[in-house]
Structures are given as C-alpha cells and as structure tokens.
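The values are calculated or read from the model by the stated rules, or taken from the named source; none is laboratory data. Owing to the predicted nature of the structure, the values given are computational and were not obtained by experimental measurement. Neighbour counts are summed over all protein chains in view; Cβ atoms, including those assigned to glycine, are modelled from backbone coordinates with ideal geometry. Only protein heavy atoms, including side chains, enter the accessible area calculation; ligands, DNA and RNA are left aside. Shrake-Rupley method; radii C 1.70, N 1.55, O 1.52, S 1.80 Å.
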Amino acid sequence: MRCLPRSLFGRLLLLMTAGLVLAQLAGTAIHLRERQRSLGDIVSQEMVQRFAAIHRAIDGEPGAVRQRLADRLSTPRLALTIEASAPQAGQARTMLTDFVQRMREQLGPGIEVRTVALPRFGTFAFDMYLQLSDGNWLRINGSAPDDILAQPWHMLINLGVMLLAIVVLVAFVARSTVRPLTRLAAAANGLAEDLKHPPLAEEGPSEVQESARAFNLMQTRIRSGIEERERFLAAVSHDLKTPITRLRLRAEMMADKNLREDIRRDVNDMQQLIDDALDFLRGKAVDEAIQPIDLVALVESVADDFSNNGLVTLEAPEQLRFNGRPRALQRALRNLVDNAVKYGGNARVALGTNGGEIVLGVEDDGPGIPESELESVFEPFHRVESSRSRETGGTGLGLAIVRQVVHGHGGSVMLCNRPEGGLRVEVRIPS
C-alpha cells in the first residue's frame with residue numbers, strides 16, 4: 001500500500017483511472033485480435049483464389065511459353081518467375097491462418113506448396129513456390145501497400161486521446177467528490193480557532209452532506225456550550241469579587257497587625273486562585289481574534305515587568321512577526337517567566353526560529369523538577385511537593401494555562417532538566 005498516494009483525491013484518481021484504462025486496453029486488445037482474424041480470413045481467401053488461377057493459367061501452357069506468360073502476369077508488386085527448384089518451406093509467423101491448407105485444396109492433390117514468407121502485421125510481403133506439372137516451380141514473390149495489414153496507429157492515437165479525456169473526466173469527478181471533504185477537514189482543523197465560522201455548505205454526495213450536517217450541528221452545540229460557560233464564568237467572577245472585596249476591607253479594619261497581614265495574604269491567594277482558575281476555564285481564548293503580533297515586542301514587555309530585580313535576561317532577534325492571540329500568549333509567557341523567577345531565582349528567555357517553527361526557551365538555575373513529574377506538572381492544580389510553601393507556592397494552573405495556549409496555536413511545550421542544573425521550558429509554534 002506504500003505505492004498509493006496519501007490523499008483521497010490521489011487514490012480516487014489513481015484507482016478510477018487505472019480501472020478505466022485497463023478496461024480500454026482490454027477492449028482494444030480484443031478488437032485488434034478480432035480485426036486480425038477477420039482480415040486474415042478475407043486476405044487468405046482472396047490470395048488462394050488468385051494464386052490458384054495464376055498457377056492454372058501458367059501450368060496449362062507449354063514450358064517455353066510459361067516464363068513469358070509469367071512476365072505478362074507480373075505487376076510492380078507481384079513478381080512471377082519459373083524456378084527449377086524451391087527451398088524448404090519456412091516457419092514464418094503469419095496472420096493467414098489455414099492458408100497453406102486452403103491453397104492445397106484449391107490446387108488439388110499432388111501439387112506441393114512451399115511458403116518462405118507470408119503476410120503478417122506490420123508488413124504485407126509473401127514469397128511462396130507452387131509446383132508445376134513438369135517439375136519446375138512457380139515462384140510468387142511480392143507485397144502489397146503497407147496500410148492493408150499495417151499496425152492500426154490511428155486506432156492507437158484515438159485510444160490515447162480517449163484515455164486522456166478519461167483521465168481529465170476522472171480528475172474532475174474525483175476533485176468534485178473530495179472537495180467537500182477537504183472543506184470539512186479544514187473546518188475541523190480550524191474549529192478551535194474560530195467557533196463562529198459560518199456553517200459548511202451541505203453539498204456533494206449524500207454521505208458528504210450528512211458529514212457536513214453533523215459537523216455543523218457539532219459546531220453549534222460546542223459554541224452554545226462555550227457561550228453558556230462564558231456566561232457562567234462571568235457570573236462567578238462577579239459574585240466572587242464582591243465577598244473578596246468585603247473580606248479585604250474588613251481585614252484592613254482589624255487592630256491586630258499580624259492577623260491583618262495573614263488575612264490579607266489569604267485573601268490575595270484566594271484572589272490569585274480564582275483569577276487563575278477563571279483564566280484556565282476560559283479555555284483557548286476563542287473570543288480573542290487572531291492578529292499580527294510583533295513577538296519580540298511582546299516578549300520584551302513581559303521581560304520588562306520582571307526587570308526591576310535584574311533577574312531576567314532576554315535574547316531575541318530584532319523583529320519576528322506572527323499571527324496569534326496576543327493576550328493569551330502574553331499570559332502564557334508571563335507564567336513561564338514568573339515560575340522561573342519564583343522557583344529558580346532567575347530567568348533566561350531566548351526567542352528565535354528553527355525549521356519553520358518559532359522557538360521560545362525559558363531557563364532557570366533552580367532545583368529543577370523530578371523526571372517523573374515533568375509531564376504531571378501540566379495537569380490542572382498539580383504542584384510539585386517542594387513548591388508548596390508560603391513563599392513560592394502557586395495555584396498549580398500556570399503550566400496548564402501555558403500548554404492550553406500553546407496547543408491553541410498548534411504548537412507544543414516541553415520541560416527538561418538542564419545537565420548543569422535548573423529547568424528549561426521550550427515552546428515550539430509553527431510560524
């Protein structure tokens with residue numbers, strides 16, 4: 001199956017064309033075979049009758065007259081001569097089936113027939129010897145116009161034109177059949193990027209129409225579900241902010257300074273947890289439009305936010321354009337840099353391209369992450385045990401949001417421990 005094209009259009013075109021071509025070739029072969037048999041029978045019968053008449057006319061004359069009569073009966077394409085001997089009959093391939101048998105029946109018993117060459121496809125030439133009554137031989141040597149039994153090149157040309165027309169027709173039919181599937185695949189790939197895309201046209205074969213109808217229904221249900229979730233998140237966000245604000249105000253009025261600071265810290269942690277959870281539940285930011293972004297400026301703005309402590313360094317080209325969602329990318333990058341500074345004490349950010357991909361690397365000099373945890377840390381609310389402290393503890397949603405944003409742009413994110421110590425996060429996004 002490796003020889004088959006990978007696309008459905010290529011396979012349909014190949015299989016349909018192969019089937020029709022084989023059918024045409026088989027029909028042509030049968031036609032040529034029947035043509036050869038019919039022409040062979042007709043030509044054989046006419047030659048037998050003509051040569052038998054010439055043999056009787058010459059054999060009926062005296063020996064001295066036979067050569068003159070043979071000369072008179074000769075034509076530019078038919079040479080008649082009287083020979084004293086004849087070569088042995090050859091085994092030349094011919095299209096004139098049963099010619100020798102018919103010749104002997106026409107001449108009668110006792111007259112030997114020796115054939116050196118007989119007509120075949122591609123050339124109409126013959127050379128034969130008929131025995132005369134005095135022991136000499138009448139040699140009949142000649143040819144006919146090549147187009148009588150020549151290869152039917154015009155038929156082969158017509159066949160080639162027909163096959164070309166078939167290929168064009170098959171390509172048109174295959175393309176019209178596959179085009180709705182191609183649109184369906186493109187719409188499925190872009191579903192995550194644009195849930196508000198207009199419904200697919202329900203056209204094409206019945207199976208394709210049913211697939212498009214099912215896809216449109218699925219898109220409608222997903223869009224309705226996400227819109228309902230967005231309304232729920234907006235309500236939750238609004239309802240939670242009110243009691244948190246009240247808690248913060250009441251904490252400010254407390255006389256005990258230590259208790260006030262503890263409550264303020266707890267309220268801030270609660271606010272951060274709610275914000276991160278809402279960011280994660282908003283999914284892939286489907287409401288944010290894709291637009292041209294200057295990635296260098298975006299990365300520089302995030303690095304500047306952490307530049308006060310001088311713990312963030314940046315290496316980037318002068319300019320790098322990309323079509324994406326700026327707020328989502330900024331949120332993901334901020335989470336990566338914040339994690340590097342929080343757990344590793346510093347962050348080295350490098351932006352570049354490699355093999356048609358945009359590569360963003362964030363490194364730190366921290367303790368790293370156990371190998372068994374490198375994949376688990378992307379799960380929502382999962383935190384490495386060593387990070388659960390007042391100073392560095394997080395909500396466990398930072399890397400989950402990063403992976404969500406990166407996957408929403410068709411990319412991938414990977415964590416690895418550096419041999420010299422620290423953690424490296426590498427983000428790859430198709431450019």
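When its C-alpha radius of gyration is set against 2.2 N^0.38 Å (N residues), the chain gives a value of 2.08. Scanning the chain for DSSP H helices at least 27 Å long along the axis (C-alpha atoms) with a Kyte-Doolittle mean no lower than 0.0 picks out 8-59, 153-189. Considering only H409, H238, H197, the mean-square fluctuation computed in a Gaussian network model of the chain, springs between alpha carbons under 10 angstrom, is largest for H238.
For R264 and S237, the difference between the fully extended length at 0.36 nm per residue and the C-alpha to C-alpha distance is 7.8 nm. Using 0.36 nm per residue and subtracting the Cα-Cα separation, the extra length available between S376 and V359 on full extension is 3.9 nm. Each of Y343, S206, T353 was placed along the dipole of the chain (beta-carbon charges, centred on the mean Cα), and the one lying farthest toward the positive end is S206. Springs between Cα atoms under 10 Å define the GNM used for the chain, and in it the highest mean-square fluctuation of T353, T242, T182 occurs at T242.
In order along region 75-82, phi translates into HN-Hα couplings of 10, x, 10, 9, 9, 10, 9, 9 Hz, rounded to whole numbers, per the Karplus curve 6.51 cos²θ - 1.76 cosθ + 1.60 with θ = phi - 60° and x for Gly and Pro. Relative protection proxy for 313-323, 204-214, from highest mean packing down: 204-214, 313-323 (other beta-carbon atoms within 10 angstrom). Placing unit charges on the Cβ atoms only, positive for Lys and Arg and negative for Asp and Glu, gives region 188-255 a dipole magnitude near 700 debye about its Cα centre. Amide H contacts under 5 Å for A316: L351, restricted to partners 5 or more places along the chain or on a different chain, H placed in the peptide plane at 1.01 Å from N. 222 nm [θ] for the chain, helices only, -39500 (n - 2.57) per DSSP H run of 4+, per residue, to 500? Rounded to the nearest 500, the figure is -18000 deg cm²/dmol. Under the criterion of Cα pairs below 8 Å and six or more residues apart, the relative contact order for the chain equals 9 percent. Sum up the charges of everything whose Cβ sits under 13 Å from the Cβ of R183, counting Lys and Arg as +1 and Asp and Glu as -1, but leave R183 out. Overall, the nearby charge balance is 0. Principal semi-axes of the equivalent ellipsoid, √(5λ) from the alpha carbon gyration tensor of region 213-352, are 32, 29, 10 Å from largest down.
Give the total of Lys-Lys pairs in the chain with Cα-Cα distances below 29 Å; include a pair only if its members are 8 or more places apart or on different chains. Counting lysine pairs in the chain gives 6.
Of the whole protein surface, R120 contributes about 100 Å² of accessible area at a 1.4 Å probe radius.
Which residue, R221, R348, R250, tops the fluctuation ranking in a GNM of the chain built on C-alpha contacts under 10 Å? Among R221, R348, R250, the largest GNM mean-square fluctuation belongs to R250.
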